[in-house]
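Structure first, then comments.
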Amino acid sequence: MCACRCGIDVHLRDGKVAYIEGNRDHPVNGGVLCAKGSAGIMQHLSPARLRGPLRRKGPRGSGEFEEIPWEEALALATSWLAPIRATAPEKLAFFTGRDQSQALTGWWAQQFGTPNYAAHGGFCSVSMAAAGIYTMGGSFWEFGAPDWERTKLLLLFGVAEDHDSNPIKIGLGKLKARGAKVIAINPVRTGYNAIADEWLGITPGTDGLFILALVHVLMSAGKVDLDYLMRYTNAAHLVDDDPRSPTHGLFLRDADGRELVWDRHRHRTLPWDDPEARPALSGTFNLGPTHAKPVFQLMAEAWLDPAHAPEAVSERCGIPATTIRRIAAELAEVAFERAITLPRPWTDFRGTRHETMLGRPVAVHAMRGISAHSNGFQT
Ligand code: SF4
């Protein structure tokens, strides 16, 4: 009944729902069921529950409906939809509610032939998903999770209970059992924050400032995984930095549309995915009609600005500068001094095979609080 999508077993007695329990074999919840999930029986038995299709019989807005048989409802809907599908299916705009069946309804719309389908999506979650895709290549929260088995330090932003209820309960239990540290950043010490090892009562709407201050400290201290950024991210992509250029602010591309990097050994541009490329992460490069900087250079210029120093944001965040610096140091210590190596072969996007995986066991879980504020769309 929520975005967690826990598996359930529904037990019947005399053909009626008697009780609901968590499905012990389900990968999401492993048998755990929250009160809302148990209360699904109330929804099922509610006298207000729709039990068949309704057709409006009074004027629009009058609230007068009559129940009609499924056959009649389907014939009516088909009479509306079939001509559209036969002639111009894209003229169907299909919008559904937040009923957790959007995979199915979206698939239905695709089969119908319209690209014009959507469903309810809270800005809180959509912003998180978009930011995850832009920064890490995939949305997280309900579509992924911290590595609960290996995380040694977790930063937990905001509420999170309402959208990741049972999985995060199970995960936090694992962290606590292993002695991993949980730091909660939330204006109110509520819900999961109550079991955090440290709680930072941040001023609402300043999560982004706090995170950029952490980035500022980490960058200043050189605690950045440059090798990872260079090899596996777009941190080395060149951005047109000439304000007079028509492509100012955009990635530089070759004639085939591939983004370019500056190769440190050959002293020229190469496509970003060239297996031989040794991309530069910093510098300014003159490229004929324009000049360009790698993404990481622009990031460093922006975030090493004193405006992002802990001392500059402390008062607005309501968190002492010494605390921000200490959290950054803890983060760096876990990421770099307590890194883990997993014996897991993998192949990167250039086709290079690696026998092991390097893990930096810091995890961040964020839901409301980081994205639902006025400064949303940040990770
Ligand atoms: S967390 Fe609760 S309400 Fe959400 S899917 Fe799981 S059991 Fe249902």
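The values are calculated or read from the model by the stated rules, or taken from the named source; none is laboratory data. A quick note: this is a predicted structure, and the numbers were derived from the prediction, not measured. No Cβ is skipped: glycine too gets one built from the backbone with ideal geometry, and neighbour counts run over all protein chains shown.
Return a yes/no flag: does segment 116-133 have any residue that is at pLDDT 95 or above, over 30 Å from ALA363 (Cα atoms) and surrounded by 14 or more Cβ atoms within 10 Å (Cβ to Cβ). No - not one qualifying residue is present in segment 116-133. Inspection of segment 86-96 identifies no residue that is within 30 Å of ILE168 (Cβ to Cβ), within 16 Å of the ligand (Cβ to nearest atom), at pLDDT below 90 and surrounded by 14 or more Cβ atoms within 10 Å (Cβ to Cβ). Screening segment 227-249 for residues that are out of contact with any helix residue (DSSP H, G or I) (no Cβ under 8 Å at 6 or more places or on another chain) and farther than 12 Å from THR290 by Cα and picking the one that is surrounded by the most Cβ atoms within 10 Å (Cβ to Cβ) gives MET230.
Restricting attention to segment 46-68, the residues that are of a type outside the set (D, E, K, R) and farther than 29 Å from ALA18 by Cβ total 7.
Within segment 193-208, if we keep just the residues that are outside any loop (DSSP other than H, G, I, E, B) and under 19 Å from the mean Cα position of the chain (by Cα), the residue that is surrounded by the most Cβ atoms within 10 Å (Cβ to Cβ) turns out to be ASP207.
Quick check on segment 70-84. Is at least one of its residues out of contact with any His (no Cβ under 9 Å at 6 or more places or on another chain) and within 18 Å of SER165 (Cα to Cα)?
To start, the set of residues in segment 70-84 that are out of contact with any His (no Cβ under 9 Å at 6 or more places or on another chain) comprises 70-84.
Imposing the further condition that a residue be within 18 Å of SER165 (Cα to Cα) reduces the set to none.
Within segment 70-84 (the criterion being out of contact with any His (no Cβ under 9 Å at 6 or more places or on another chain) and within 18 Å of SER165 (Cα to Cα)), the answer is no, since none of the residues qualifies.
Got a number for residues in segment 1-52 being part of a loop (DSSP other than H, G, I, E, B), of a type in the set (Gly, Ala, Ser) and over 28 Å from GLU71 (Cα atoms)? Lay out the reasoning, then the answer.
Filtering segment 1-52 down to residues part of a loop (DSSP other than H, G, I, E, B) leaves 1-7, 14-15, 23-34, 39, 46-52.
Subsequent filtering for residues that are of a type in the set (Gly, Ala, Ser) retains 3, 7, 15, 30-31, 39, 46, 48, 52.
Next, only the ones that are over 28 Å from GLU71 (Cα atoms) stay: 3, 7, 30-31, 39.
Summing the residues that are part of a loop (DSSP other than H, G, I, E, B), of a type in the set (Gly, Ala, Ser) and over 28 Å from GLU71 (Cα atoms) in segment 1-52 gives 5.
Does at least one position in segment 268-287 carry a residue that is among the β-branched types (Val, Ile, Thr), surrounded by 14 or more Cβ atoms within 10 Å (Cβ to Cβ) and either farther than 28 Å from GLY351 by Cβ or in contact (Cβ under 8 Å) with a residue 60 or more places away in the chain (or both)? Before you say what the answer is, go through the steps one by one.
Our first condition is that a residue be among the β-branched types (Val, Ile, Thr); within segment 268-287, this holds for 269, 284.
Right, trim to surrounded by 14 or more Cβ atoms within 10 Å (Cβ to Cβ) and you get 269.
In the following step, the residues that additionally are either farther than 28 Å from GLY351 by Cβ or in contact (Cβ under 8 Å) with a residue 60 or more places away in the chain (or both) were identified as none.
There is no residue in segment 268-287 that is among the β-branched types (Val, Ile, Thr), surrounded by 14 or more Cβ atoms within 10 Å (Cβ to Cβ) and either farther than 28 Å from GLY351 by Cβ or in contact (Cβ under 8 Å) with a residue 60 or more places away in the chain (or both).
Within segment 3-43, being of a type in the set (A, V, I, L, M) and within 8 Å of the ligand (Cβ to nearest atom) holds for ALA3, ILE8, VAL28, VAL32, LEU33, ALA35.
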